[in-house]
1. For segment 152-170, which residues satisfy the criterion of being open to solvent by 50 Å² or more (accessible area, probe 1.4 Å) and either touching a helix residue (DSSP H, G or I) at 6+ places or on another chain (Cβ under 8 Å) or within 23 Å of Arg98 (Cβ to Cβ) (or both)?
2. Regarding Glu355, is this residue charged (D, E, K, R), in a loop (DSSP other than H, G, I, E, B) and in contact (Cβ under 8 Å) with a residue 40 or more places away in the chain?
3. Filter segment 87-115 down to the residues that are small (Gly, Ala, Ser) and within 19 Å of Phe142 (Cα to Cα) and list them by number.
4. State which residue is surrounded by the fewest Cβ atoms within 10 Å (Cβ to Cβ) when the search covers only segment 102-127 and only residues that are among the polar types (S, T, N, Q), in contact with a helix residue (DSSP H, G or I) (Cβ under 9 Å, 6 or more places away or on another chain) and assigned to a loop (DSSP other than H, G, I, E, B).
5. Sort out which residues of segment 53-73 are open to solvent by 30 Å² or more (accessible area, probe 1.4 Å), among the β-branched types (Val, Ile, Thr) and closer than 18 Å to Thr251 by Cβ, and write them in order of number.
6. Out of everything in segment 300-313 that is touching a Leu at 6+ places or on another chain (Cβ under 7 Å) and hydrophobic (A, V, I, L, M, F, W, C), what residue ends up being nearest to Tyr333 (Cα to Cα)?
7. Of Arg275, Arg210, which residue is over 30 Å from Val67 (Cβ atoms) and surrounded by fewer than 17 Cβ atoms within 10 Å (Cβ to Cβ)?
8. Quick check: anything in segment 379-397 closer than 29 Å to Val76 by Cβ, touching a residue at least 60 places away in the same chain (Cβ under 8 Å) and surrounded by 24 or more Cβ atoms within 10 Å (Cβ to Cβ)?
Amino acid sequence: MRIVLSALLGLIVFLSRAQQPAMAPTGEAIQKLESDIPVLLERSDVPGMSIALIRDGKVVWSKGFGVSNAVTKKPVTTTTIFEAASLSKPVFAYAVLRLVDEGRLNLDTPLNKYLGNNYDVAGDDRINLITARHVLSHTSGFPNWRDGDGTKTLLIHFKPGEKWSYSGEGMVYLSRVVEKITGMRFEAFMQQYALRPLGMTASSYIWRNRFDSLKAYRHDLIGALSGRNQPTDAREDTLHDDGNAAASLQTTPEDYAKFIIAVMNGTGLKKATWRQMLTPQARVDAKYPPIAWGLGVGLETMPEGTYFWHWGDNGDAKAYVAGFLPNKCAVVYFADASNGLSFTKEILDDAIGGEHPALAHLDYDRYNSPGRRLTKAILSGSAAEPLKDYREQRARTGDSISEGSMNTLGYLLIRLKRLDDAIAVFTQNTEDYPNSWNVWDSLAEAYMDKGDKELAIKYYEKSLQLNPGNSNGASQVKKLKGS
């Protein structure tokens, strides 16, 4: 009997361990991160990053690596301020859920009942269906961002609740509703409902004077300085506030870790509300069934348990957070360059272990990918020979570099005034993705920059054939034909 009981207990322990991700002990994880990060930064052309590791609901290590400015070589420290980019959204969601707990906002009441108008939507009654739940789970029907054609019109692309589609516009809409309900400016609301209660004293959704000496600069695809964002979004509505709920949080990993710990513990939220935040509201990608969205956070519903995650992408500033809910272990990092998400897999492997289908869904170019190798080859010489080698390799393997990676390279070449090489890269992209309106739009832009009006018009019109709603293309054709 004792033998059977002992064997049974052993089996329970084995099964329990089998249900945990392959996570290195804390000391070993820190040692791996300390060793791997400098190498990853060098190989990915990322000048600097800052990171915090959470184990058992506590910050056990944080550190800055590299520099916050590739020109001045100012080092990154744990007090360096970074752009949270879309990691702004989960903190906003948390604040909204606290408002729900106060009974001042209902997750399933149409938001326009609070706002009292149709926002920036014209002639579409579906605006009266959108709720806070839709916005926080990215099922509102809004695009990520409205067309940058100078108009204020915001389109709804599908019936709210029908499917998942990531939307920063939805978050901004909800922030306007929150301002109306509370009578508070956005930053004041965030300070009262999230930042101050969680002790996030280094964080703000608007620019602070102290950031002048603390904020990291942005860097491009090759690690060259590309500026520094000072988030202002001044509006001409009733509250005249700055800040963007979807993308303007300025913070540090140590400060952001306070929010992560609150999410893992349910701090500040009613238990039922907290559970809803971490319960799948919508599945994200049929190709990757475990990926879902809760209320403001991404979820990976894996056999061993649920991870929460989110990524941040402000162009030349990147961020990522992931945590395993059952054992309250997590990692968050911010990087000051375009390639800052090219090594996320290595960071997660070292920090928390496990499989993460979200990375495949996001599909960012890896630091050692064919796209990165092509970029380095073209930047070290001309585009002709590397593109020839790429076409030969593609013919052998059938593997194409992603449309987005090739487009990013083309725009880098435009910025470097290498227009002929940019045109060669964009042309290759049209061969690889002939049914994409965007690649033709980019090729047209390169020809326009070169002063070839005829070919610019030709390719803008090709783009418009594939996407009649391409307002930028229509505007450029009109301008070119009128000049």
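The values are calculated or read from the model by the stated rules, or taken from the named source; none is laboratory data. If you're wondering where the values come from, they're calculated on a predicted model, not measured in any experiment. All Cβ positions, glycine included, derive from the backbone under ideal geometry; neighbour counts span all protein chains shown. Protein only, heavy atoms only, side chains kept; ligands, DNA and RNA dropped before computing areas. Shrake-Rupley method; radii C 1.70, N 1.55, O 1.52, S 1.80 Å.
1. From segment 152-170, those open to solvent by 50 Å² or more (accessible area, probe 1.4 Å) are 152-153, 155, 157, 159, 162-163; that's our starting set.
Selection gives Lys159 alone.
2. Details: charged (D, E, K, R): yes; in a loop (DSSP other than H, G, I, E, B): yes; in contact (Cβ under 8 Å) with a residue 40 or more places away in the chain: yes.
Yes: the conditions hold for Glu355.
3. Ser88, Ala93
4. Initial filter on segment 102-127 (among the polar types (S, T, N, Q)): 106, 109, 112, 117-118.
From the residues that got through so far, the ones that are in contact with a helix residue (DSSP H, G or I) (Cβ under 9 Å, 6 or more places away or on another chain) too are 106, 109, 112, 118.
Next cut, assigned to a loop (DSSP other than H, G, I, E, B) only: 106, 109, 118.
Working: Asn106: 14, Thr109: 12, Asn118: 14.
My answer is Thr109.
5. Val59
6. Restricting to residues being touching a Leu at 6+ places or on another chain (Cβ under 7 Å) and hydrophobic (A, V, I, L, M, F, W, C), the top hit is Trp311.
7. Values: Arg210 fails: over 30 Å from Val67 (Cβ atoms).
One residue alone meets the criteria, Arg275.
8. Step one: list which residues in segment 379-397 are closer than 29 Å to Val76 by Cβ, which gives 379-380.
Subsequent filtering for residues that are touching a residue at least 60 places away in the same chain (Cβ under 8 Å) retains 379.
From what is left, the residues that are surrounded by 24 or more Cβ atoms within 10 Å (Cβ to Cβ) are none.
No; the residues of segment 379-397 include none that is closer than 29 Å to Val76 by Cβ, touching a residue at least 60 places away in the same chain (Cβ under 8 Å) and surrounded by 24 or more Cβ atoms within 10 Å (Cβ to Cβ).
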